[in-house]
Every structure is written in C-alpha cells, then in structure tokens.
Number of protein chains: 2
Amino acid sequence: MGNGDEIISNKRIIFRDYISGFPKESDMIPTTDTIRLKVPEGSNSVLLKNLYLSCDPYMRGRMTNVDSYIAPFTPGLPVMGYGVAKVIDSGNPNYNEGDYVWGITGWEQYSLLENPEPLTLVKIKYTYLPLSYYTGILGMPGITAYVGFHEIASPKKGEFVFVSAASGAVGQLVGQFAKLMGCYVVGCAGSKEKVDLLKNKFGFDDAFNYKEEHDLVAPLKRYFPEGIDIYFENVGGKMLDAVLANMKLHGRIAACGMISQYNLEESEGVRNNFLIITKRIRMEGFLVFDHLHDYPKFIEVMKQYITEEKIVYVEDTVEGLENAPAALIGLFTGRNVGKQVVVVSRE
Amino acid sequence: MGNGDEIISNKRIIFRDYISGFPKESDMIPTTDTIRLKVPEGSNSVLLKNLYLSCDPYMRGRMTNVDSYIAPFTPGLPVMGYGVAKVIDSGNPNYNEGDYVWGITGWEQYSLLENPEPLTLVKIKYTYLPLSYYTGILGMPGITAYVGFHEIASPKKGEFVFVSAASGAVGQLVGQFAKLMGCYVVGCAGSKEKVDLLKNKFGFDDAFNYKEEHDLVAPLKRYFPEGIDIYFENVGGKMLDAVLANMKLHGRIAACGMISQYNLEESEGVRNNFLIITKRIRMEGFLVFDHLHDYPKFIEVMKQYITEEKIVYVEDTVEGLENAPAALIGLFTGRNVGKQVVVVSRE
C-alpha cells in the first residue's frame with residue numbers, strides 16, 4: 001500500500017458457462033490477469049485483497065441460468081461468493097484502506113468492487129477473532145443458523161430438534177443453539193467422522209450416519225420416539241419425507257436448504273405433504289438476505305458465545321485459490337468436514 | 001316427546017369395513033334397526049332426531065384403519081359425521097328436549113349419544129337461520145374457512161388469493177371472505193357450472209375449470225401475472241406444485257385439505273418444495289378441531305354477514321338417508337355443486 005500504481009498479477013477462477021446436473025472442476029477455469037492496485041480516480045469502489053473464500057451450497061444455484069433470489073453467475077467473469085478481505089484502496093467513504101471486511105467478493109486474489117453496500121460488504125468490528133470465522137460462524141452461515149433457529153423455528157426449552165447436514169457450516173451451529181436453549185437435539189451426517197464430531201465436539205444428544213440407513217423413517221423413529229418438534233431442513237427430498245412422517249403435532253420446519261436436490265434435473269417428489277395438515281405443521285422457508293439487518297445484534301451475541309467458549313466451530317480449510325473449485329464441488333459429495341473455507345492468503 | 005317408551009324403527013347407514021382406494025356405495029350398508037325414544041335412566045346421554053347430515057372430504061380418512069387426527073370408523077356401526085339434529089330426550093344437563101344442535105352424530109334417523117360435549121355437540125342459538133346451514137356456513141366448514149383464511153393465511157387488503165375446490169363447502173366462503181377483505185381472488189373448480197357460480201354468485205374476480213387445462217402452471221400464470229400471495233389449499237398434488245411455481249415472495253399457504261390425494265394408494269410427489277425456500281413461503285396446516293373455541297365469536301360474525309346478505313351460501317341437497325353414501329362418494333368425483341347436505345328429515 002502506498003505503491004498504488006503498481007500493476008500486479010491476479011489469479012482468478014472464471015465461471016465457464018451455465019450447467020445442468022453435477023458441477024465439475026472444469027466448469028471453473030483458473031486464469032491469471034493483471035490488476036492495478038488502486039481504485040479508479042473519483043470512483044466509489046473499493047479494492048480488496050481476498051484472504052478467505054467461502055464455499056456454500058447456494059452457489060450451485062448461480063451456476064444455472066435461472067433468475068432466482070440471486071442472479072446467476074456471468075460466464076467469463078470470476079465465480080462470486082462470500083469471503084473475507086482486506087481493503088487495499090478505497091474511494092468509498094464507508095471503507096478505509098486497512099479495513100477488514102466480509103461479504104460478496106470474487107474468486108480471485110484481488111477484487112475491485114463498485115459501489116459496495118454496508119449490508120453486503122460488512123466492516124469487521126472484532127478483528128481479534130479468527131478472520132476465517134467471518135465466512136462461517138460470524139458470517140452468512142452464522143446468521144442463517146441464528147435466524148433460522150431462533151426466529152423461524154420458534155423453539156421452546158425441552159423441545160425435540162432434528163438437524164440434517166448437521167456438521168456443516170450451518171448445522172453445527174443450529175445444534176449448539178438448540179442445546180443452549182435446553183432442547184434435545186439429534187443430527188445426521190454422512191460419515192462416522194462427522195457423527196463423532198456431532199456427539200463429541202458439538203454436544204448433540206445423538207447423531208447418525210444417514211448413509212448407513214436404507215430407510216430414513218426408521219432411524220428417526222428410533223431417535224425421536226415421541227416425534228420431532230423442530231426440523232432444521234438442509235437437505236430436502238427423501239429426508240423431508242421421512243421427517244414429515246416423524247413430526248409431532250404443531251411441529252415447525254425451518255427450511256434453509258435442500259442440498260440433496262441441487263444437482264438433480266428434476267427434484268424428488270415429496271409424498272408426505274398431507275401430514276402438514278393432519279399434524280398442523282408450519283413449514284417456512286427463509287433466506288438470510290432478508291435478515292442481514294439483524295447482523296449487528298447477532299455479532300455481539302456470537303462474540304460473547306465464542307469468547308466464553310459456549311460455542312465451538314469446525315472449519316475444513318483448503319489452501320490456495322486454485323483448489324477452490326474442487327472444494328466447492330466437495331460440498332455436494334459431502335467431502336468437507338465442517339465449514340468449507342479456502343485460504344487465498346493469510347494476510 | 002311424551003311417548004318416551006315408544007320403540008320405533010331406525011334406518012341406519014352401517015360402515016362395512018376398512019377400504020383402500022376409492023370408496024364405493026357398497027362400503028356403506030343401509031339397514032333398519034329399532035330404537036327406544038328415551039335415554040337410559042340416569043345416563044348422561046342425549047337422544048337425537050337427525051335432520052341434516054353433512055358429507056365432508058375428511059370422512060374418507062376415517063374409512064382407512066389408520067389412527068390420524070380422528071379415529072377410524074368402527075366397522076358394523078353407523079358412519080359418523082357432522083349433522084344437525086333435534087334433541088328428543090336428554091339426561092344431560094347441557095341439553096334439553098326440543099333443543100336444536102349441530103355436531104358429530106350418526107348416519108341414522110335417531111342417534112343416542114353418550115356424554116356429548118358442548119364443543120362437539122353445539123346448541124344452535126339462531127334457529128331462524130336455515131338449519132341446514134349448520135352443516136356448512138354456520139358449522140364446521142364455515143369455521144374452517146374463517147380461521148384458515150383470517151388466522152392461518154394472514155391476509156392483507158389488496159393481496160392476490162387463489163382458492164382451489166373453490167365452489168365447495170369451504171372454498172366458496174374463503175373467496176367471499178377474501179373479497180370482503182379487499183383481496184383479488186381467483187378460484188378453480190371442475191365444471192363450467194361451478195366456474196359460473198364462482199364468478200356470478202360468489203363474486204370471485206375470476207375463475208377457471210382446471211379440467212380444461214392440461215397444465216396447471218400456465219393458467220395460474222395467466223390469472224396471476226404478478227403471482228399469488230395466498231393459496232388456500234384444498235386439493236394438493238399437481239395443483240400444489242403449480243401454485244408453488246406461481247407464488248410470490250413471502251406468500252402463505254393455508255393447507256386445509258388435499259382432496260385429490262385421499263383415494264390414492266401413494267400420494268403424488270410434490271416437486272417444487274425448494275421454492276418454499278427461495279420464495280420464503282410459509283405453508284401451514286390447520287385443523288378446525290383446534291379452533292372450536294372460536295365458534296361463539298364466529299357465529300356472531302356470520303349471523304351478521306348472512307343477515308346483511310354480505311355472504312351467500314350454495315348447498316347441494318340430497319333427499320333421504322339412503323342416498324347419503326352416493327352423496328359422500330360424489331365429493332371425490334366433484335359431483336356436488338356447493339356444500340353437500342343430506343336431508344334425513346325436515347323437522
């Protein structure tokens with residue numbers, strides 16, 4: 001910094017083209033460009049040095065050319081996603097050189113963002129906490145878990161909570177929030193290692209490996225003989241059907257994601273919808289983007305939880321921007337154990 | 001009355017045995033018994049003369065031997081359902097000879113009910129309104145529509161409302177409630193006659209015959225170019241999928257029934273569940289049985305609406321207990337136009 005007129009090389013991961021089905025590494029192409037380390041004169045932009053990038057399941061949706069709650073990626077431009085970065089230069093009054101920020105950035109070493117907004121590019125207040133946490137527990141997955149559990153699921157002490165994809169970026173937090181609230185919580189995940197993590201690290205009351213069950217209704221009946229009050233839905237499809245069959249009266253489903261469905265040409269049909277009526281279930285979908293105004297409140301609560309060691313967080317860290325495509329794809333095969341982070345640079 | 005020791009004949013419709021698939025007339029057997037027109041000495045019972053019986057879709061569920069929110073019928077005993085009756089004799093302090101009541105009774109000319117409860121056998125306060133209305137607009141379907149629309153769907157003036165099975169016992173009321181609230185409301189039904197009724201009698205802004213559409217997504221897009229805020233769900237299956245595809249952000253689905261699914265061995269799969277997340281939809285099932293305590297408030301509102309001709313109600317009336325089985329089955333083929341009532345006796 002200071003040497004602002006320097007033009008240096010900038011490794012980037014370019015989104016090739018829209019896909020259907022399962023994403024492949026070749027859908028994301030590593031290239032090297034150059035970039036001038038200064039924002040254009042008189043612009044409102046910021047220039048970021050990206051430190052940590054986040055792999056999140058919702059990104060699969062942006063690889064299909066369908067306008068949903070978030071626009072598709074642009075072929076030929078870098079993959080975009082949440083990340084943690086340092087401000088190298090700024091023409092924007094909300095950001096200063098040297099600030100650390102988290103928010104939507106590019107999959108590249110340096111990103112020039114035009115007109116960033118305080119809600120989508122957030123200045124990091126507590127830089128003494130691990131910066132990578134702002135891709136997870138202190139970032140989008142954190143507030144997703146917090147809002148989804150506390151606001152959408154309306155939990156009460158003593159209730160029975162089930163979390164799918166429970167060792168993931170969001171799930172591990174939901175389970176811990178449920179325990180802090182005095183709920184009984186069971187999670188499912190896709191390997192013995194993850195199940196051990198749920199029970200021994202995150203304090204779930206119980207956990208199971210869904211890949212070892214040929215029928216999902218039976219294990220849920222075993223773990224919830226009295227039924228499920230709250231289902232935190234991350235996977236969809238057959239799991240949702242099995243959960244509906246095991247819900248209690250007046251149960252609530254906080255629908256956060258359906259990762260099992262994202263790479264299918266046609267979604268699996270859910271057959272137990274009628275139970276929503278007979279059991280008077282409330283199923284509610286939510287997106288964290290509607291709740292970002294709660295972030296200032298959330299960060300204070302979470303900072304406290306982390307400082308007091310009431311909540312722990314497990315990350316799966318991959319070194320190097322060039323390994324980001326494989327890391328993203330790994331989300332859909334369950335390769336990651338905990339929140340998937342890509343380290344671009346540690347400073 | 002007076003001649004209490006009289007023993008007279010009692011025509012009854014006996015539930016034969018549990019079924020799967022579509023119900024047939026032969027599943028319900030007309031017989032003739034005798035009955036003494038007096039309650040047993042010292043009992044808490046009431047003896048009813050049944051006047052009007054109600055055919056309701058939920059009754060299909062009681063013909064299968066699965067314990068759901070309401071117990072299955074007992075083979076060898078009469079079909080049970082909502083009806084309007086006159087109290088002939090009573091050993092119960094809550095009911096007097098000569099009272100008119102509505103609630104769960106038997107498909108027979110006379111019913112002896114042990115220990116009836118005020119919430120399930122309701123004394124009729126306004127006997128000057130058509131007594132048959134207590135099987136519909138002033139009974140269970142009425143409070144279902146009222147609670148489902150006003151409490152579960154959280155309507156706001158100017159919102160876009162879609163009602164399926166819209167000319168039925170519940171749907172015709174939901175549409176009229178929506179108009180009274182200042183919503184735009186479209187209904188669908190299964191014949192030209194019903195569609196005309198929706199538009200010309202109940203004041204729906206528009207209506208269509210779903211049987212004339214080979215795809216349900218397209219007509220919904222046509223009638224709701226801006227999308228649906230509220231769906232009052234009576235049919236399930238493909239219709240639910242098509243509605244999900246046409247819902248607006250933050251839409252609400254009040255799930256009341258899924259009549260298209262009741263006779264299937266396996267429910268149709270609903271594939272658009274993921275849209276619940278991306279559109280932040282709240283889908284909530286409800287049963288009127290949870291809301292019967294609202295009846296006293298409801299009846300005052302409805303009496304007013306009827307007296308002031310703000311709400312109209314169409315019944316499809318069948319004469320004679322012996323025709324009740326065919327009338328019940330007709331619900332599932334859409335034979336009825338309006339609320340299906342069976343007249344056992346007009347006094």
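Rounded to the nearest Å, what's the spacing between the alpha carbon centres of region B:183-238 and region A:172-212? Just the number, please.
Cα centroid to Cα centroid, the span is 45 Å.
What accessible area, summed over both chains, is buried at the B-A interface (1.4 Å probe, Å², nearest 100)?
Numbers: alone 15020 and 15030 Å², together 27520 Å².
Looking at B and A, the buried total is near 2500 Å².
Relative contact order for chain B: what is it in percent, counting Cα pairs under 8 Å that are at least 6 residues apart?
RCO, chain B: 17 percent.
Which residue fluctuates most in the GNM of chain A (Cα springs below 10 Å): A:215, A:99, A:27?
Sorting by GNM fluctuation, first place goes to A:215.
If you keep only loop residues by DSSP, which GluC sites (Glu not before Pro) in region B:240-314 have at most 12 other Cβ atoms within 10 Å of their Cβ?
On the way: sites: B:265, B:266, B:268, B:284, B:300, B:308, B:309; in loops: B:265, B:266, B:268, B:308, B:309.
Within region B:240-314, the qualifying GluC sites (Glu not before Pro) (loop, at most 12 other Cβ atoms within 10 Å) are B:265, B:266, B:308, B:309.
Counting other Cβ atoms within 10 Å, which trypsin sites (Lys or Arg not before Pro) in region B:1-92 have at most 12 and lie in a DSSP loop?
Those satisfying the criteria are B:24.
For residue B:21, place a label point 7 Å from Cα along the Cα-to-Cβ direction in every copy; what are the distances to the other copies, in nm, shortest first?
Those separations, rounded to one decimal, come out as 3.9 nm.
Kindly give the distances from residue A:213 to its copy-mates, label point to label point, with each label point 7 Å from Cα along Cα→Cβ, as nm values to one decimal ordered shortest first.
List, nearest first: 3.7 nm.
Work through the residues other than residue B:331 whose Cβ is under 11 Å from its Cβ and net out their charges, Lys, Arg +1 and Asp, Glu -1.
It works out to a net charge of +1.
What's the percent breakdown of Cα-Cα distances in the protein assembly as shown across 10 Å bins, shortest bin first?
3, 14, 21, 20, 16, 12, 8, 4, 2, 1, 0
Classify region A:140-289 as rounded, prolate or oblate, taking a ≥ b ≥ c as the square roots of the eigenvalues of its Cα gyration tensor: rounded when a/c is under 1.5, otherwise prolate if a/b is larger than b/c and oblate if not. Mind showing how you got there, number by number?
Values: a/c = 1.17, a/b = 1.10, b/c = 1.06.
Judged from the Cα gyration tensor, region A:140-289 comes out rounded (a/c under 1.5).
Less than 29 Å apart at the alpha-carbon level, and either on another chain or at least 8 residues along: which lysines does that give for residue B:38?
Answer for residue B:38, where 29 Å is the Cα cut-off: B:11, B:49, B:86, B:123, B:125, listed by chain and number.
Accessible surface of residue B:250 in the full protein assembly, 1.4 angstrom probe, to the nearest 10 Å²?
90 Å²
Is chain B rounded, prolate or oblate when judged by the Cα gyration tensor, a ≥ b ≥ c being the square roots of its eigenvalues, rounded requiring a/c under 1.5 and prolate requiring a/b larger than b/c? Walk me through the numbers before you get to the answer.
Values: a/c = 2.14, a/b = 1.69, b/c = 1.26.
Prolate is the answer for chain B, as a/c is 1.5 or above and a/b outweighs b/c.
Can you tell me which lysines have their Cα less than 25 Å from the Cα of residue A:156? Leave out same-chain residues fewer than eight positions away.
Reachable lysines: A:179, A:199, A:201, A:221, A:248, A:279, A:297, A:303, A:310.
Run the simple label-point estimate for residue A:221 and residue A:326 please: 7 Å along Cα→C-beta, distance reported in nm.
Computed distance between label sites residue A:221 and residue A:326 equals 4.3 nm.
Ranked from the most accessible area to the least, with a 1.4 Å probe and all protein chains present, what is the order of B:342, A:170?
A:170, B:342
What GluC sites (Glu not before Pro) does region B:1-100 have in DSSP loop regions with at most 16 other beta carbons within 10 Å?
B:6, B:41, B:97
Rounded to the nearest 5, what % of the DSSP beta bridges within the protein assembly as shown are antiparallel ones?
60 percent
Can you list residues from other chains, or at least 5 along the same chain, whose modelled amide H is less than 5 Å from the amide H of residue A:117?
Answer set, sorted by chain and number: none.
If I build a Gaussian network model for chain B, linking alpha-carbon pairs within less than 10 angstrom, which residue out of B:304, B:261, B:109 has the largest mean-square fluctuation?
B:304
Taking the rotation that carries A onto B, look along its axis and tell me which residue of A has the beta carbon nearest to it, distance in whole angstrom.
A:269, 1
Mind putting a number on the dipole of the protein assembly as shown about its Cα centre? Charges go on the C-beta only, +1 for Lys and Arg and -1 for Asp and Glu, and I need it in Debye to the nearest 20.
Around 360 debye, computed over the protein assembly as shown.
Heavy-atom accessible area per residue, the protein assembly as shown, 1.4 Å probe: how many Å²? It would help to have the intermediate numbers written out before the result.
Numbers: 27520 Å² over 694 residues.
Per-residue accessible area for the protein assembly as shown comes out at 40 Å².
How long is the gain from residue A:7 to residue A:310 if the chain were fully straight, where each residue apart is worth 0.36 nm and the alpha carbon distance is subtracted?
Additional length available on full extension: 104.5 nm.
Just to confirm my numbers, what's the Cα centroid distance between region B:241-291 and region A:110-150 in Å?
34 Å
With all protein chains present and a 1.4 Å probe, how do A:105, A:34 order by accessible area, largest first?
Solvent-accessible surface, decreasing: A:34, A:105.
I want the antiparallel fraction of DSSP beta bridges within chain B, as a percent rounded to 5.
Just about 60 percent of them are antiparallel.
For label points placed 7 Å from Cα toward Cβ, what is the shortest-first list of nm distances from residue B:308 to its copies?
5.4
The values are calculated or read from the model by the stated rules, or taken from the named source; none is laboratory data. Everything numeric in this text was worked out from a predicted model, so none of it was measured. As a convention, Cβ positions derive from the backbone with ideal geometry for all residues, glycine included, and neighbour counts pool all protein chains shown. The area values use the complete protein model at the heavy-atom level, side chains included, leaving out ligands, DNA and RNA. Shrake-Rupley method; radii C 1.70, N 1.55, O 1.52, S 1.80 Å.
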